[in-house]
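Here is the structure we will look at, set down as structure tokens.
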Amino acid sequence: MPGMARTVITFGTFDVFHVGHLRVIERAAALGDRLVVGVSADALNLRKKGREPVFSERERMAIVAALKPVHEVFLEESLELKRDYIRQYAADVLVMGDDWKGRFDEMGDVCEVVYLPRTPAISTTALIEKISGIA
Ligand code: C2G
């Protein structure tokens, strides 16, 4: 039925893109008809994590936009704008990995909120350490 498409929105840095990122995007897309992804800005990472990502926001957005399950990407400039992004993209479902469990429950009044289990044993930090020879 027209107008009944279910829009899913998710957010992330997706730096040093790995299979854990791919899996969460695939599982998020499977919850609806259209997946919109907010890719966190370099400045947001610097503010929240104290370092810039390995790949720039432009590169990270290009990688995520090229994925088959992704319909649209945008730059996530602030964690505090989540509600505005959800409204702007008319999202029916917000999906986050369960490292964020409980953190966005307050969005439950504008959309469904789903936390998906993370893919075990893989992370950008672990990859960077492995590549650097620290681990
Ligand atoms: N992820 C996963 N399994 C992993 C690693 C990551 O499922 N082994 C998921 C995370 O749970 C998240 C997504 O991949 O849903 C992106 O992870 P990050 O790039 O680490 O994103 P983050 O910096 O947590 O997002 O509004 C949130 C911000 O954009 C920050």
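Tabulated data for the structure shown
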| item | result |
| --- | --- |
| Single match in LEU67, LEU46 (criterion: open to solvent by 70 Å² or more (accessible area, probe 1.4 Å) and either under 30 Å from LYS130 (Cα atoms) or in a loop (DSSP other than H, G, I, E, B) (or both)) | LEU46 |
| The listed residue being closer than 19 Å to TYR115 by Cα, more than 8 Å from the ligand (Cβ to nearest atom) and touching a residue at least 60 places away in the same chain (Cβ under 8 Å), out of LEU35, LEU22, LEU31 | LEU31 |
| Close pairs (7 angstrom Cβ cut-off, 6 or more residues apart or separate chains): near the ligand (Cβ under 9 Å from one of its atoms) in segment 96-120, open to solvent by 90 Å² or more (accessible area, probe 1.4 Å) and outside any strand (DSSP E or B) anywhere | GLY97/ARG118; ASP98/ARG118; ASP99/ARG118; TYR115/LYS101; THR119/ARG23 |
| Selection status of ILE134, modelled with pLDDT under 95, more than 8 Å from the ligand (Cβ to nearest atom) and surrounded by 13 or more Cβ atoms within 10 Å (Cβ to Cβ) | no |
| Residue in segment 103-117 that is closer than 17 Å to HIS18 by Cα and out of contact with any Ser or Thr (no Cβ under 8 Å at 6 or more places or on another chain) present | yes |
| Given (1) within 21 Å of VAL16 (Cα to Cα); (2) modelled with pLDDT of 95 or more; (3) near the ligand (Cβ under 10 Å from one of its atoms), index of the condition THR125 fails | (2) |
| Selection from segment 16-39 of residues that are under 13 Å from PRO53 (Cβ atoms) and in contact with a strand residue (DSSP E or B) (Cβ under 9 Å, 6 or more places away or on another chain) | HIS21, VAL39 |
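The values are calculated or read from the model by the stated rules, or taken from the named source; none is laboratory data. Small disclaimer: the values here were computed from a predicted structure and weren't measured. Virtual Cβ from ideal backbone geometry, glycine too; neighbours counted across all protein chains shown. SASA here: full protein model, heavy atoms, side chains in, ligands and nucleic acids out. Shrake-Rupley method; radii C 1.70, N 1.55, O 1.52, S 1.80 Å.
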